[in-house]
1. If you take the residues in the stretch B:190-206 that are under 14 Å from A:Ala60 (Cα atoms) and over 16 Å from the mean Cα position of the chain (by Cα), which one is nearest to the other protein chains (Cβ to nearest Cβ)?
2. In the stretch B:77-103, which residues are surrounded by fewer than 24 Cβ atoms within 10 Å (Cβ to Cβ), of a type in the set (Gly, Ala, Ser) and within 19 Å of the chain's Cα centre (by Cα)?
3. Which of the residues that make up the stretch A:1-32 are within 27 Å of the chain's Cα centre (by Cα) and surrounded by fewer than 13 Cβ atoms within 10 Å (Cβ to Cβ)?
4. Looking at A:Val135, is it assigned to a helix (DSSP H, G or I) and not small (Gly, Ala, Ser)?
5. Determine whether B:Val41 is away from chain A (no Cβ under 14 Å), farther than 20 Å from B:Leu101 by Cβ and buried (at least 16 other Cβ atoms within 10 Å of the Cβ).
6. Wholly within the stretch B:57-161, which helices (runs of 4 or more DSSP H) include no fewer than the required count, namely at least 3 residues that are under 22 Å from A:Val166 (Cα atoms)?
7. Only one of B:Ser167, B:Ser175 is touching a residue at least 12 places away in the same chain (Cβ under 8 Å), at the interface with another protein chain (Cβ under 9 Å from one of its Cβ atoms) and under 23 Å from the mean Cα position of the chain (by Cα); which?
8. Quick test of your reading of the structure: A:Ile123 fulfils all but one of (1) free of Cβ contacts under 8 Å to residues at least 60 places away in the same chain; (2) at the interface with another protein chain (Cβ under 10 Å from one of its Cβ atoms); (3) part of a helix (DSSP H, G or I). Name the failing condition by number.
Amino acid sequence: MDLRFFEIYRSADYLWLLFHGATLSAVLTIASGLLGFLLALGLSTARHARVPVLGHLAAAYTEIVRNTPLIVQLFFVAFGLPLLLGYQWPFWAHALLALTLNFSGYFSEILRAGYVGVDKGCIEAARALGVRPPVIFAKIVLPQAMANMFPSLSAQFIFLFLTTGVVSEIGVEDLTHAGVFIDSRSFRSFEVFITLTVIYIGLSLMFKAGLSLLQARLFRWQSVS
Amino acid sequence: MRDALIELLGKPEGIVLYQLLDATQFTIYLSLIAFGGGGLVGALIAFLRLLPNRWAGAGALSWIWFFQSTPLLMLLFLSGLGVPRLFGVDVNPWTAAVISLTIYASAYLADVWRGAVESIPAGQWEGARAVGLSFGQTLRLVIVPQAGRVALAPTVGFLVQIIKGTSLAYIIGFSDLMAIGKRWANAPVEGTEPFIIFPLMALIYFCLCFPLSLLARRLERRLGAVTQKGAATAAA
């Protein structure tokens, strides 16, 4: 047993690869997190408002996403769909689409639980004042659900970030891809993957800190009872 | 079963479906072993967390924190490639996959169970100790039966995460549903195009996971109601 971390750290090429990969992983996660959240808003609203057909489709979609592995979804999006529909995208676009779809399923389930948890008294009061149902949803249910569910959404986001490494399997040059490449050159597998683990943990801590700040800013109105 | 499927579906499709279903058994075995192993290690970690010893508690918390923050893929690479190369030993994919998934599951299950035990009011501990039960007896007769109700739904729910997690084991050479399906999707055989194989695999995974998700939800609804009623009775 001999540990040779220096074989990775003294090579500027390897360090650049790691930096580049980490950046791509982070950007891809943030982008698909945001897009997935927007999609989840639509999905969960369709379910909550019991929109005919669309509500059921949203429910089925959510269950399919949550009960199948990300990697199968990714391979279908990257290899199946383009062949079926006849289009060609760069690797990262396939990854972005697959991750967005995946994120949206998990987020929509959390949001739906959030809507259900909003205090009924609030809604009844608004209804008694003659506020129309769409306005009740937008101004009363949604903000409270978001505030209550933000911690769950953050935790889910970070959990999903830790699964994004699979995009390396379709050739996206993310952090895991960089690690696998460096491993294939240096054969210092243990050192490489320990380094990667540390970077992943560092990034998830950064995400956690960023999301806490965001929460404090967005939901300042929410009094700490 | 192989011949029946071929007769029913024709030459490539029948064989493909048979091989996929045949490989699914390894997905199930790996999930069950990981769940069992993760449950044992997780119970130990949760127990250490509950001990009055400060070091044991800190160790348990670090284990939970560290392995919840580590991607499963990294655990697989470390146990399948990293550690074997570091020590110059051969580790077969079964061992590496079982070790990674066990560690992964243990961190989450320990956290769930720790949370469940901590949700039991302190009065239960104090009351049990006051009537003369030992620490072990209190845990076994008073705390675990109550905490078990709280923990059951998320534990079943986590089994779904484990099943989905096993789909990554093919990366270190484990031969399961994922590995066989990917091989067929790459094969230039008509009827095994990626847009047929991957939805088929998704369907098989779905059939494994969805019943468990439903069970978890039902347990949550039922046992949640029981604890609420219990709390209401206790309050009254």
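The values are calculated or read from the model by the stated rules, or taken from the named source; none is laboratory data. None of the values given here were measured: they were computed from a predicted structure. Note that we place each Cβ from the backbone using ideal geometry, even for glycine, and neighbour counts take in every protein chain shown.
1. Result: B:Ala202.
2. B:Ser79
3. A:Trp16
4. When the stated conditions are applied, A:Val135 passes them.
5. Spelling it out, it is not the case that B:Val41 is away from chain A (no Cβ under 14 Å), farther than 20 Å from B:Leu101 by Cβ and buried (at least 16 other Cβ atoms within 10 Å of the Cβ).
6. Result: B:72-77, B:93-118.
7. Values: B:Ser175 fails: at the interface with another protein chain (Cβ under 9 Å from one of its Cβ atoms).
B:Ser167 is the lone residue from the list that is touching a residue at least 12 places away in the same chain (Cβ under 8 Å), at the interface with another protein chain (Cβ under 9 Å from one of its Cβ atoms) and under 23 Å from the mean Cα position of the chain (by Cα).
8. (2)
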